[in-house]
Amino acid sequence: MIGCSMTDEDLRRPLLSSSPSSRRRVRESKPVRSAHLLSLRTPDVECAFVVNFDEIKGNVVEFVYPDNKRSLVEEGGIDFRAMPSGLHTVEEDFVYFRSGSDRTVFGVAAFSSLRTGEEKRGARQRSVGFLLKEEAWLRPFLPRLSYEARHLNEHPRDYAGIVDAFETVQNERQDGERKGEDAAASALSVSADEKVVKSGRHTQILSSFADVTRFYGPAISLLRKAVLLGLRILIYSPPPIGPACERALWLSKTATTSHIDDSMRVPVLYSVSIHDIDHLSSLSSFIAVTTDKIFLEKPDLFDMSVDRQYVQLSDRFISRMTTPAQRPTVRCLRFSPDDASEYRHFVKIVNENSQLGLNKAGPFSELDGRLEDEWKDKNDLLLEELFSASDVGRVIDGRVVVRDFSLPSSSIYFLQALSRRFHLHCDVRINSFSLRCCSFSSPAPSLPPF
């Protein structure tokens, strides 16, 4: 079984402007080049912090710079966000998270564990990180933060390195106008430091769009639909949690489109813990990652769970999707041969570009941009048809759309679900058109008219 958090109340809440002209302005605005590319602005770093595991007190905030930001760190629960449950089982990891009462502050931390004979646990454990105002800058600082985490375990209370990293970023920001187009590259200088490069193990923590596509296989197509449909998606992963945070980042980009603005996109919460349950309960859509398996026992909190590579819809979600108007949402989220075909298409793109030397992991990978643009084109194709029909209130014949745009047959149900998701004034008809959507071996039963 596979899941979406769309109650009737959610659906009555307009997700798009009721004005066709305002929707058209969103569509016709100049598209932004692939979102994985960093803006030319230098990063706005709020502060640096160090979280330590104390044998008596547990996770504690050991250091904050500048000190006047300590309340931002302590009130934001950074002691648990920067060192999620279970990290003591690995030697190194990293984590992305969101903080603040409105979750508008982004956090990135590198974790390191050093075995010693001094502590009762037999190891020193620290997470070193930054709080940032822009999501795009989560990845570039990881090499330096990883180095500083290892260094602090070897030399406790030697904070000079993390202070230097923070000051370097601040100086680059103040000098941003002079740097111009070199702003992004100069900001990365904190991770290009000679001692960081020589330390090794500083690039393995970054994944690529191609890695995530291969990891999920044909399920990547289902996950993309779930993101576009605004589901509450919970990704469970035992430590290390860093790769799962990366997957959440890339999954959000499979839903890239120029037809909806940022306020309508599914928020990526990254790492969450039991301390976030109340916040998750208040949201109608999200992508979140957790190392706490107890979340999987709380199906009211999510619509779709992803346990490593196993994708499943929540029974509670399926039980709510009972009306004829709701059924296409569940049907388009069942695994089909079309998903395998779409996956093979993306693998072909990866292989072709790998031969050109473009399959390079990192925050500036050209292949990542090509894959994101490929998803964006597919999403724009569907949404353009829906929005155009909605503007004039016309009926869409699903069979004609599939034929004219060479789409998989299961796209008909997806069109219906998208129309409902965005509260559009158009009717997607299936009539007697049949599809295979439950398994590779057997077609779906004949469907009643909608």
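Which whole number in µm²/s is D for the stretch 35-171 by Stokes-Einstein, with the Kirkwood Rh taken over Cα pairs at 37 °C and 0.692 mPa s?
219
When only C-alpha pairs under 8 Å and at least 6 residues apart count, what is the relative contact order of the stretch 217-333, in percent?
Relative contact order comes out at 33 percent.
When only the heavy atoms of the protein chains count and the probe is 1.4 Å, how do LEU296, LEU386 rank by accessible area, highest first? Could the numbers behind the result be given before it?
Values: LEU296 50, LEU386 0 Å².
Ranked list, largest accessible area first: LEU296, LEU386.
Under 5 Å between amide H atoms, partner at least 5 residues away or on a different chain: which partners does GLU46 have, H built in plane at 1.01 Å?
Residues meeting the criterion, in which the H sits 1.01 Å from N, are LEU131, LEU132, LYS133.
Report, to two decimal places, the Cα Rg of the stretch 217-333 normalised by 2.2 N^0.38 Å (N = number of residues).
1.01
Highest first, please rank the peptides 278-290, 213-225 by the mean number of other Cβ atoms sitting within 10 Å of their residues.
Put in order of decreasing packing, that is 213-225, 278-290.
Of LYS69/LYS376; LYS298/LYS376; LYS225/LYS298; LYS57/LYS293, which pairs sit farther than 30 Å apart, going by alpha carbon to alpha carbon?
Beyond 30 Å: LYS69/LYS376; LYS298/LYS376.
With unit charges on the beta carbons (Lys and Arg positive, Asp and Glu negative) and the dipole taken about the Cα centre of the stretch 282-422, which residue among PHE422, THR322, HIS345 sits farthest to the positive side?
Ranked along the dipole, the leading option is THR322.
The values are calculated or read from the model by the stated rules, or taken from the named source; none is laboratory data. All values reported here derive from a predicted model rather than from experimental measurement. Don't worry about glycine lacking a Cβ; one is built from the backbone with ideal geometry, like all the others, and counts go over all protein chains shown. Surface accessibility is based on the protein's heavy atoms, side chains included, excluding ligands, DNA and RNA. Shrake-Rupley method; radii C 1.70, N 1.55, O 1.52, S 1.80 Å.
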